[in-house]
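For reference, the structure discussed in these notes is given below.
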Amino acid sequence: MTARSLPGRALTIRARRPADVPALAEILLAQQAGSRYPFRDPLPVPVEEFLHADDAVRAWTAELDGRLVGHVCRTGPGAGSPDVEAMNARCAEAHGCDVEELAWVRTLFVAEGVRGHGVGRRLVKTVLADILADGLRPCLEVLSAQQSALALYRSTGWEEVDRTRPAWLRDADDEGLEVHVLVLPTIRGRHAVPGIG
């Protein structure tokens, strides 16, 4: 799938600022009906927590002509629940590394009106470059209802290493949806797939 360009329009990826969070929350919730991301509406946690406003290692926003249109962040492996621990273990096994060497791509979304123009790919490239610069191994999770996101990741070299129904999904879903856990294989700190980094 080839992204359409944005001729004559200035797309910038920059570090997220605390003042961006309210506008990003609005964009996230406005695009939810079309993307089913986040899966639950209303969210079971404050939107700031979902955006990792306080625990992201780093976060970025996409601006188109000065207007916020997308977001991505990176977190560490996290801990606490058996579901999280199991996903970390599976990714570490797939990467052949310790859990502490994992970095998770989180909260990637693009505003409804600019999907299909490469904004999401630019955000993914930004977070991946940051993860690899720190010598870490990229991981992410995608819900099976989000087929376009799954297709994007698979088309850019991500490999599925697990499917699971974590407690939050078992409690909220009667459709039998699963979380797909993916890793991007790396060779000596570089993507194994040309053109991704």
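The values are calculated or read from the model by the stated rules, or taken from the named source; none is laboratory data. Because the structure is predicted, anything quoted here is derived from the model rather than measured. As a convention, Cβ positions derive from the backbone with ideal geometry for all residues, glycine included, and neighbour counts pool all protein chains shown. The accessibility values were calculated without ligands, DNA or RNA, using every heavy atom of the protein model including side chains. Shrake-Rupley method; radii C 1.70, N 1.55, O 1.52, S 1.80 Å.
Are any of the residues in the stretch 123-132 in a loop (DSSP other than H, G, I, E, B), β-branched (Val, Ile, Thr) and either closer than 23 Å to residue 12 by Cα or out of contact with any Ser or Thr (no Cβ under 8 Å at 6 or more places or on another chain) (or both)? Among the residues of the stretch 123-132, not one is in a loop (DSSP other than H, G, I, E, B), β-branched (Val, Ile, Thr) and either closer than 23 Å to residue 12 by Cα or out of contact with any Ser or Thr (no Cβ under 8 Å at 6 or more places or on another chain) (or both), which makes the answer no.
Checked against (1) open to solvent by 50 Å² or more (accessible area, probe 1.4 Å); (2) within 11 Å of the chain's Cα centre (by Cα); (3) free of Cβ contacts under 8 Å to residues at least 40 places away in the same chain, residue 141 passes all but condition (3).
Output yes when any residue across the stretch 151-161 is closer than 25 Å to residue 33 by Cβ, open to solvent by less than 20 Å² (accessible area, probe 1.4 Å), modelled with pLDDT under 95 and among the aliphatic types (A, V, I, L, M), and no when none is. There is no residue in the stretch 151-161 that is closer than 25 Å to residue 33 by Cβ, open to solvent by less than 20 Å² (accessible area, probe 1.4 Å), modelled with pLDDT under 95 and among the aliphatic types (A, V, I, L, M).
In the stretch 1-118, which strands (runs of 3 or more DSSP E) lie fully inside it and hold 1 or more residues that are of a type in the set (Gly, Ala, Ser), more than 14 Å from residue 140 (Cα to Cα) and open to solvent by 50 Å² or more (accessible area, probe 1.4 Å)? Quick ask: steps written out before the conclusion?
Values: elements: 11-15, 58-64, 67-75, 102-110.
Those strands (runs of 3 or more DSSP E) span 11-15.
Of the residues screened, residue 15 is one that is under 16 Å from the mean Cα position of the chain (by Cα) and under 23 Å from residue 117 (Cβ atoms).
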